[in-house]
There are 2 protein chains.
Amino acid sequence: MKIFKLLIFVFSIVYHSHSQTTIQWKEQHPGIWKAIVGKPEKITLLSAANAKPNLNALSNLPKTSFPLDKPDIKVQVIDHKTYLRFPLEKEEQIFGLGLNFQTVNQRGRILNLHVDHYGGKDNGRTHAPVPFYVSSKGYGVLIDVARYITVYAGTAIRTDAKHPPVLRDRNTDKQWEAQPYSDAIEILIPAEGANIYVFGGPTPMNVVQRYNLMNGGGYLPPKWGLGFTQRVPTLYSQDDILKEVQSFEEHHFPLDFIGVEPGWHSMAYPCTFEWDKSRFPDPKGFLQTLAQKGISANLWLNPFVSPVGSLYPKIKPYTGSHTVWNGIVPDFTMPQARQLFKDHFMKHHLSIGVGGYKIDEVDGFDSWLWPDVATFPSGTTAEQMRQTYGLMVQNMTGSWYKEINKRTYGLVRASNAGASNFPYVIYNDYYSHKDFITALVNSSFIGVLWTPEVRASKTAEEWVRRMQSVCFSPMAMLNAWADGTKPWSFPEVEQAVNDVANLRMQLLPYLYSTFAQYHFEGKPPFRAMNLVEGFGFKSTTEAGTFDATANPYAMTIKKDIKDQYMMGDFVLVAPMFAGETSRDVYLPQGKWYDFYTGKLVGENQIIKVTPALDKIPLFVKDGGIIPMIPVRQRAPKASETLPLTVRHYGTAPNSLQLYDDDGTSFDYEKGQYSFTKLAVTKTTDGKLRGEIATPPTGKPFGYTKEIKWEFMTSPTN
Amino acid sequence: MKIFKLLIFVFSIVYHSHSQTTIQWKEQHPGIWKAIVGKPEKITLLSAANAKPNLNALSNLPKTSFPLDKPDIKVQVIDHKTYLRFPLEKEEQIFGLGLNFQTVNQRGRILNLHVDHYGGKDNGRTHAPVPFYVSSKGYGVLIDVARYITVYAGTAIRTDAKHPPVLRDRNTDKQWEAQPYSDAIEILIPAEGANIYVFGGPTPMNVVQRYNLMNGGGYLPPKWGLGFTQRVPTLYSQDDILKEVQSFEEHHFPLDFIGVEPGWHSMAYPCTFEWDKSRFPDPKGFLQTLAQKGISANLWLNPFVSPVGSLYPKIKPYTGSHTVWNGIVPDFTMPQARQLFKDHFMKHHLSIGVGGYKIDEVDGFDSWLWPDVATFPSGTTAEQMRQTYGLMVQNMTGSWYKEINKRTYGLVRASNAGASNFPYVIYNDYYSHKDFITALVNSSFIGVLWTPEVRASKTAEEWVRRMQSVCFSPMAMLNAWADGTKPWSFPEVEQAVNDVANLRMQLLPYLYSTFAQYHFEGKPPFRAMNLVEGFGFKSTTEAGTFDATANPYAMTIKKDIKDQYMMGDFVLVAPMFAGETSRDVYLPQGKWYDFYTGKLVGENQIIKVTPALDKIPLFVKDGGIIPMIPVRQRAPKASETLPLTVRHYGTAPNSLQLYDDDGTSFDYEKGQYSFTKLAVTKTTDGKLRGEIATPPTGKPFGYTKEIKWEFMTSPTN
């Protein structure tokens, strides 16, 4: 027995020291440290995304030092898996960890990050389960692994915790907590190693900027991508679509691109990626007719190849062991598969003017996608493939457009880390309006874009409220694939819907400059309040109500601000939801003004607003400068020169960098763009004055030099 | 380029042959074949359960040969994981794969078998995620691995499938299916090997019998375990409990054991396993007083050890890296941990007469249990620990009672493969009455017991309907820990509730013999209809209704019979649910009779019944023989001799083996039991006659020799 105890003791020492490793951190880019832990795999998220860092922009960010105590970061490799631990401080909030739909602060949650259709719970299964988190303390962590990793974001408690929770007796102590305090994030990586990145701040926004800039900076859409888009019913023919365009014109409704659904394929589910001759007898002519009207076409697809198409026999050797809807699954880690797709798509689509794609069903559900026991000819595992497929299709299709020097802007249903520079917006089949807004909030932490697309509505009220939200998102889209709705489907709110679509068109100069910020500085165009300086809200915890079935442990509830966000530096958007006539808006520090009237509404406080049905609540920060153009049905074309009205809100002097370029090509990467400093200053008599402080640097510049200044709050000389 | 293609070709050959193994099958027991695939791990489900097969009973089952085409079973070890494939035939149904709550036929589902609290979806996360399936074709498969395995039960489709699905164009073909036909079950085991068992039939019931007998045969509860049990509110003192017993006596309501909730601990959540002196000043005297009234006490616990208890310093070296509710987690794979628990529990509980345990929270939720990055001193991984913890606590506590030769019968919230012989019934916090019945149906495939416990109800109707169901389940329990309800809490249905509890007590001889079948023959006491011969129902598929949000792929719906079951060989139970005044009952082949009236109700058909509120629909098979005793408040004690009434239903001669023993000890394992053949024969004039065809073999036999025969259908001489 004594010998046995000794053996256990010895074993226990071996076990406790077992693979515990010192982590070597190397500053990879300014404020970004990388550590190689264990044996990282060849296929990772960043390797699949293949983004190039914007070194210049990174070097312009504030200097910062390693943001954590290095010895508090622990790693062990056990059982072919990597166990990671990062410290957490009291009050620290954790943002990111995938495209969540219901919660913002992830502290206290467990997430199994797994590419999937969102299933109604923030459990890690989502369209972009990006393994990146941003701390409210101003640092970030990225785990670059193409595996289903599990993150215990402040739930697990070690017996040797530095800051252990208080011991309480549930029998008698009302303060007993179902989830005691945890001072660490722990991460299970089911692989024998990983590349880990730590991002410095000092602010959460700086962290996000570094992340986005490391991944190439945010994508700058073509101008038409920021206009309105309509997706037509599945079996619409080219004639049906041209009629649809005509009826948009008749209704004076903006339309920049049109989504062509599965019926354009000669077979879809699985797909041929070849035009159906009965519905599209003349694809080239059809696309030319659209182009003459200034409209681009976006083609729906999923990448599972039909046996009846010409691509099938060629690509068969480079596909996986399992079918999806009877289609074979290309192994896009193989150059041959990518080349065959490129040849096919260039020939059938890009060469005749197709403007982009909607890439569906690369996320899940499990029931249709390849199983985790699928094998692929490259040796890439099914799990790696699942986590990276969305990245690879974005990267591949995006590169074709880059090659022909034409910007695209499309839709994708799966993404992951490294996607900031991809020309895609995420969407899904889920349809909670409130959750759609929370997803928009969360998209800003993880370098992806999200659209709260409109499909159907039960009432005119819901319709207009959804239309208002989508017009303040990365893609203003009505997706009528299933039911053929039009923006004017509820005649009683047609004007209100038209108003908000028109407002989006007027705001294009502001929105385009905001996207330029995303590209050149890494600041997300649509932003969580938590990325805004002066946003003092701390997520609070409410006592849970005991219920023997629904809440037997009386779990507490975390309160978040998850239904409002910023569009760019100046505009706070607080969408309304059907059934609600008023709402709270949390205003950060500094004065805030009503967008429509210019009136002061408050500062650093919660206000209640009761907007009319035809208005989405919008607020502008003191000193906000909003460049606008007249109402129009198409986004500006490269050759146009437009009159500019610039609004100013509040009383503070300020400036805005108005960005412009040709709006369609990648020539801006070669310097073909302009930044124009629009400044409002105070004259000696205390009045405000607007001017072009710095004339356009570079070109093109698509605006007339005479600017109409509108001082919304302070009338001036 | 050509060289590159050659390399790919060579690689592709290597990859396709990669670890593909021939499986060696060995007949381990009659009709049970075992294969060792790859390198199985040391800790498995069966090793944790540690059951001994009943070789004698196994040899009595019908001879059978290996039920599948061996070459159709495939295995590969890739990426430290084992990929398995088993063939499926058309029309084949798959049962089991864990304690599912909403579906019976698992074909077409994907399950990640993971011990957890049931979360409202049949996705594999459940209290007993047993990796065992039973085919309607009469064979079974068990994967003995303590890992989170994923089962694609007829969803994955290989490009080289023998029976590929039909190719369809979703654009134009209305027969297009979201989930095309798959001819295989595929399984991902995240370990480098596994022990795999294939069970022969020929019938599904034979498969289940083999499975249960391999695991020691089903557990035979003490007689008192089949009586009624009440669980009292958390902070009840010993005096409160004695008053509770008194009020049961006043209401003439059966009561055999009483559940003592967390307040008996001096601290609970985490637990001390030591009596609280203020609420329980004299535990021994309290238990003796209960025993004098013929009542047993069952103590609630979870196994997470409180720092303030005497067990803590001793067991600390044998606990894991993480706490659960501030308690340390014993590593029960270590003999030291088990011994320390045994010493503590023997001293404080078993030695003074504690009758059993309710072992809570060994399942999940993830938020409170140890994380998957926890480590344990034995080297057992957190995942293995999660999958086996419920097995280990059942095995450990059960063995203590065996050692003192006293049967116990308790509650546990996690189990897994190998549990047939454990003295525990599974329960949870979920509370859908219908789903509780489906769980009861599914428990019969996987060697576990389940109770649809009653807690609260919104209406008297719901109350009586739930009480009726629980009285036709393995444990007739009212769990009032949270709200202090009593069986008579709805006075308007007190009589109806009393009636069904009394009926259960009357049926104890039948029920006990049914459990004896479970033990000696492996037949589950409560059975899915799919285990009944002559049950011709084939699960059908209904076209799904398209909905762009809720069902965008128009998924079909599988129809199951999941709300009725058999209690033993003869009684079909069709529970009623609140809000419903009638229901369909599917009757298998052979004539069926109303339990209450003896009238013929039909055969091989669906009937509609509209029972009164005070009756749970019960039907008896033609020739059904039901031994009953008079109404009583306690289950029979060892010393009693009771009058017996034996009912016969229908017109067929038949017989039943009436089992008896002392009802409390394990002496039956040494032959101290009796089987008495009760037979009904047809006399020469065609009338029915009942007799003891074979007098009791062995003893004890706790009934008078004079039997009152009741021919419920056919009046006779």
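The Cα-based radius of gyration and maximum Cα-Cα distance (Dmax) for the stretch B:47-138 are 15.8, 43 Å. Globularity index of the stretch A:585-717 is 1.19 (Cα radius of gyration / 2.2 N^0.38 Å, N = number of residues). Put a dot 7 Å past the Cα of A:Lys39, heading toward its Cβ, do the same for B:Gln288, and the two dots end up 6.7 nm apart.
All C-alpha pair distances within chain B, sorted into 20 Å bins from zero, spread as 17, 50, 28, 4, 0 percent across the bins. Treating each Cα of the stretch B:612-672 as an identical point scatterer and summing with the Debye formula, the log10 of I(q)/I(0) at q = 0.12, 0.18, 0.20 Å⁻¹ comes to -0.47, -0.90, -0.99.
For the stretch A:294-323, accessible area lost to neighbouring protein chains reaches 50 Å² or more, against the chain alone with a 1.4 Å probe, at A:Ser321, A:His322, A:Thr323.
Helix screen, chain B: DSSP H segments with Cα axial length of 20 Å or more and mean Kyte-Doolittle hydropathy at least 0.0 are B:2-17.
Placing a label point 7 Å from the Cα of B:Thr697 along the Cα-to-Cβ direction, the distances to the matching points in the other copies come to 10.0 nm, shortest first. Backbone geometry of the stretch A:426-431 corresponds, through the Karplus equation with coefficients 6.51, -1.76 and 1.60 at θ = phi - 60°, to 3J(HN,Hα) couplings of 8, 8, 7, 8, 4, 8 Hz, x marking Gly and Pro. Relative to the other identical copies, B:Asp667 shows label-point distances of 10.2 nm, where the label point lies 7 Å from Cα along the Cβ direction and values run shortest first. Computed from label points 7 Å out along Cα-Cβ, the spacing between A:Gln102 and B:Lys608 is 3.8 nm.
Comparing the full protein assembly with the isolated chain, the residues of the stretch B:263-285 losing at least 40 square angstrom of accessible surface (1.4 Å probe) are B:Met267, B:Tyr269.
Scalar couplings 3J(HN,Hα) for the stretch A:319-324, obtained by applying the Karplus form with A = 6.51, B = -1.76, C = 1.60 to θ = phi - 60°, are 10, x, 6, 10, 8, 10 Hz; x denotes Gly and Pro. Using r as the Cβ-Cβ distance of B:Asp173 and A:Ser399, and R0 as 45 Å, what FRET efficiency do you calculate, to the nearest 0.05? Once rounded, the FRET efficiency stands at 0.85. In terms of the Cα gyration tensor, with a ≥ b ≥ c the square roots of its eigenvalues, is the stretch A:480-630 rounded because a/c is under 1.5, prolate because a/b exceeds b/c, or oblate? Taking the square roots of the gyration eigenvalues as a ≥ b ≥ c, the stretch A:480-630 is oblate.
Distances, shortest first, from the label point of B:Glu89 to those at the same position in the other copies read 6.7 nm; the point lies 7 Å along Cα to C-beta. Check B:Gly602: other-chain or 5+ apart residues with amide H under 5 Å from its amide H, H built from backbone geometry? The answer is B:Trp592. For B:Lys705 and B:Glu250, the FRET efficiency from 1/(1 + (r/R0)^6), where r spans their Cβ atoms and R0 equals 51 Å, is about 0.90.
Shown here for the stretch B:194-248: trypsin sites (Lys or Arg not before Pro) in loop regions (DSSP other than H, G, I, E, B) with at most 10 other Cβ atoms within 10 Å, of which there are none.
Computed from the alpha carbon atoms alone, the convex hull of the stretch A:377-419 holds 83 Å³ per residue.
Dipole magnitude for the stretch B:483-536: computed about the Cα centre from +1 point charges on Lys and Arg Cβ and -1 point charges on Asp and Glu Cβ, it is near 200 debye.
Shape class for the stretch A:416-558: oblate, because the ratio a/c of the largest to smallest gyration tensor axis (alpha-carbon atoms, square roots of eigenvalues) is 1.5 or more and b/c is at least a/b. Eigenvalues of the alpha-carbon gyration tensor of the stretch A:140-286, scaled by 5 and square-rooted, set the equivalent ellipsoid semi-axes at 53, 21, 20 angstrom, largest first. For chain B, with all protein chains in place and a probe radius of 1.4 Å, 52% of the accessible heavy-atom surface sits on carbon or sulfur.
Relative to the globular-protein estimate of 2.2 N^0.38 Å, the Cα radius of gyration of the stretch A:138-210 stands at 1.47.
Here the protein assembly as shown is described by how far its Cα atoms reach on the three principal axes: 113, 70, 66 Å, from widest to narrowest. Dipole check for the protein assembly as shown: with +1 at the C-beta of Lys and Arg, -1 at the C-beta of Asp and Glu, and the Cα centre as origin, the magnitude is about 2160 Debye. In order along the stretch B:262-279, the Karplus-derived 3J(HN,Hα) couplings, from 6.51 cos²θ - 1.76 cosθ + 1.60 at θ = phi - 60°, round to x, x, 6, 6, 5, 8, 9, 6, x, 9, 9, 6, 10, 5, 7, 6, 6, 8 Hz, and Gly and Pro are given as x. Here is the list for the stretch B:147-197: trypsin sites (Lys or Arg not before Pro) lying in DSSP coil, each with at most 11 other C-beta atoms within 10 angstrom of its C-beta, are B:Lys162, B:Lys174. Solvent-accessible area per residue in chain B equals 34 Å², computed with a 1.4 angstrom probe and all protein chains kept.
With the charge dipole of the stretch A:550-686 set up from +1 on Lys and Arg Cβ and -1 on Asp and Glu Cβ about the Cα centre, the Cα lying farthest toward the positive end among the listed residues A:Ile557, A:Thr641, A:Tyr659 is that of A:Ile557. Under the criterion of Cα pairs below 8 Å and six or more residues apart, the relative contact order for chain A equals 12 percent.
Normalising the average separation of contacting C-alpha pairs (under 8 angstrom, six or more residues apart) by the number of residues puts the relative contact order of the stretch A:355-450 at 27 percent.
Computed over the alpha carbons of the stretch A:460-528, Rg followed by Dmax gives 14.0, 42 Å. Which FRET efficiency value, to the nearest 0.05, do you get for A:Glu542 and B:Ser367 by plugging their Cβ-Cβ distance into 1/(1 + (r/R0)^6) with R0 = 22 Å? Working from the Cβ atoms, E equals 0.85. For the stretch B:206-223 versus the stretch A:65-143, the spacing of their alpha-carbon centroids is 45 Å. Taking Cα pairs under 8 Å and at least six residues apart, what relative contact order does the stretch A:493-621 come out at, in percent? It comes to 22 percent, rounded to a whole number.
Between A:Trp25 and A:Val308, the modelled labels are 5.8 nm apart [label points 7 Å from Cα along Cα→Cβ]. The Cα atoms of the stretch B:216-360 define a convex hull whose projected area, averaged across directions, is 9.5 nm². Remark: the stretch A:84-167 is approximated by an ellipsoid whose semi-axes, taken from the C-alpha gyration tensor as √(5λ), come to 23, 13, 13 Å, largest first. When the accessible areas of B alone and A alone are added and the area of the pair subtracted, with a 1.4 Å probe, the result is around 7100 Å², both sides summed. Per-residue ellipticity at 222 nm, computed for the protein assembly as shown from helices alone with -39500 (n - 2.57) per DSSP H run of at least four residues, works out to -6500 deg cm²/dmol.
The values are calculated or read from the model by the stated rules, or taken from the named source; none is laboratory data. From a predicted model like this one, the values you see are computed outputs, not experimental measurements. Cβ sites come from the backbone with ideal geometry, for glycine too, and all protein chains shown count toward neighbours. Quick note on the areas: whole protein, heavy atoms, side chains included, nothing else; ligands and nucleic acids left out. Shrake-Rupley method; radii C 1.70, N 1.55, O 1.52, S 1.80 Å.
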